[in-house]
Amino acid sequence: AAGPFFQKHPEYCIVNKDGVHATAKMSYAYPRVRDYVVAFYREIIGHCQAGGGRIDGIAPGFFRGPEFVGYEPHVCDAFRKEYGEDPLELSDDDGRWLKFHARHVTELLVDLRKLLDEEVKKAGKADQAGTLHVFQ
């Protein structure tokens, strides 16, 4: 997270319930962050293939912890619009809030899946199942 993109865009960090930005965790609620992650994996795949390697799948790096989206203003606004409630007043384990967060992670995984499908088509080959895998 402390790379050049993060240094240029600290505003994309996760915001905790008290409104404080995390120091080094970017939020997947921002499309630019998801695009950056996909571009990062695209670059890795390109380097591997340029060196004659084969990509069988990717691991999206969820080891950084279970918090991937916080209380960013646009996330809270969208939740209020959909549910008519303020997420800042809910418990952190409210199922609606957790599912709402998960949408952004799902969007990232869908984008990574598309990347792998594109790479399979470009390479003109796939594994026995006809696809590459996103490992979680």
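Computed from the coordinates by the stated procedures, all read-outs in this text should not be read as laboratory data. Predicted model, so just to flag it, every value in this text is computed and none were measured. For neighbour counting, all protein chains shown are included, and Cβ atoms are generated from backbone atoms with ideal geometry for every residue, glycine included.
Report the FRET efficiency, 1/(1 + (r/R0)^6), for ASP94 and HIS74, where r is their Cβ-Cβ distance and R0 is 25 Å, rounded to 0.05.
Once rounded, the FRET efficiency stands at 0.85.
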Quick calc: nm separation of the 7 Å Cα→Cβ label points for VAL38 and ALA24 -> 2.7
When we measure straight from the Cα of LYS17, which lysines land under 23 angstrom away, once same-chain ones fewer than 8 places off are left out? LYS25, LYS81, LYS99
Sparsely packed trypsin sites (Lys or Arg not before Pro) within the stretch 1-102, loop by DSSP, other Cβ within 10 Å at most 15: LYS17, ARG54
Span-like helix ranges in the chain, DSSP H, alpha carbon extent 27 angstrom or more, Kyte mean at least -1.0: 31-50, 95-123
Connecting every pair of Cα atoms under 10 Å apart in the chain and solving the GNM, the largest mean-square fluctuation among ASP111, ASP18, ASP77 falls on ASP18
Using modelled backbone amide H atoms (1.01 Å from N, in-plane), which distant-in-sequence or interchain residues come within less than 5 Å of ALA22's amide H? ILE14, VAL15, ASN16
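Please state the relative contact order of the chain as a whole percent: Cα pairs under 8 Å, 6+ residues apart? Can you show the working numbers first?
Numbers: 123 pairs, mean separation 37.2, N = 136.
Relative contact order comes out at 27 percent.
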